[in-house]
1. If each residue's Cβ is checked for other Cβ atoms within 10 Å, how do TRP16, TRP152, TRP97, TRP201 rank with the fewest at the top?
2. Residue by residue through the range 66-77, which ³J(HN,Hα) values in whole Hz follow from phi under the Karplus form 6.51 cos²θ - 1.76 cosθ + 1.60 (θ = phi - 60°), with glycine and proline marked x?
3. Let a ≥ b ≥ c be the square roots of the eigenvalues of the Cα gyration tensor of the range 125-196; is it rounded (a/c under 1.5), or, if not, prolate (a/b larger than b/c) or oblate?
4. Around SER131, what is the net charge, scoring Lys/Arg as +1 and Asp/Glu as -1 over all other residues with Cβ under 13 Å from its Cβ?
5. Given (i) 11.7; (ii) 11.0; (iii) 12.4, which label gives mean projected area of the Cα convex hull in nm² as computed from the coordinates?
6. Classify the range 74-188 as rounded, prolate or oblate, taking a ≥ b ≥ c as the square roots of the eigenvalues of its Cα gyration tensor: rounded when a/c is under 1.5, otherwise prolate if a/b is larger than b/c and oblate if not.
7. With the contact rule set at Cα under 8 Å and sequence spacing of 6 or more, what percent relative contact order holds for the chain?
8. Note down the nm distance, to one decimal, between modelled labels 7 Å out along Cα→Cβ at GLN72 and at THR150.
Amino acid sequence: MNNIMALDIETSNFSWEIGGWNNKNMFDTSVVATWDGNEAHIFSKADVSIDGAIIHPLHPQILGDHITKHIQEGGQILGHNIMGFDFPVLRDSLDCWAIGDVMSKSESIIDTKNLVAKAAIGNKIETSLQSLSTYTLGMQKSMASVDAPTAWRNGEYNEVAEYCLKDSKLTFDLYMYGKDNGIIKSRSLDTGAIIDITVEW
């Protein structure tokens, strides 16, 4: 088992449909994907088939057991804005009891968005996963985040599941790059230049 497991979620609805980002209990989670560098797990509300991934129904107990097992074995959960979005949505809308437990253990969570923003030390930078992955890894997301709910509603379940898994892999690769190289690259919002952000992961 890799000690780090990246997690990403997708929803089938938009923030503007539920009165804003603060109403996280009203999001409808459609897919959750995890990746630890070796194993891919996808938890989905619809039937999907993704090569190399272990598929599970999206159920709070099944997902909770998966996350709890990783934590109990000494692992950490990694995500990009996981404390601002993914975990609160899973806790409040999916009623996943394990998430609330994990959120109380800050040492068990790694949030790359928060870490990069803090490491920027006063520099205003782009902090989206798309930006950081592009500038640091030369890799891009397979779909725009805003397109995922519509794709799901159109029955493109496999595409959304693959996109969710790719985002978890991008987050994993971004974290590992920062850990191995001590920097993450981003664009300065003041100058437009691509700059190195020193990270200590």
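1. TRP16, TRP97, TRP201, TRP152
2. After applying 6.51 cos²θ - 1.76 cosθ + 1.60, I find 4, 5, 4, 4, 5, 5, 5, 8, x, x, 10, 9 Hz.
3. oblate
4. Working: positive: LYS113, LYS124, LYS141, LYS185, ARG187; negative: GLU126.
Here the count lands on +4.
5. Recomputing mean projected area of the Cα convex hull in nm² here gives the entry labelled (ii).
6. Values: a/c = 1.87, a/b = 1.14, b/c = 1.64.
Cα axes put the range 74-188 in the oblate bin.
7. Numbers: 375 pairs, mean separation 48.9, N = 201.
Computed value for the chain: 24 percent relative contact order.
8. Label-label distance for GLN72 and THR150, simple model: 4.3 nm.
Here, each number is a calculation from the coordinates, and none is a lab measurement. Computed from a predicted model, the values in this text were never measured in an experiment. Positions of Cβ are backbone-derived with ideal geometry, glycine not excepted, and every protein chain shown enters the neighbour counts.
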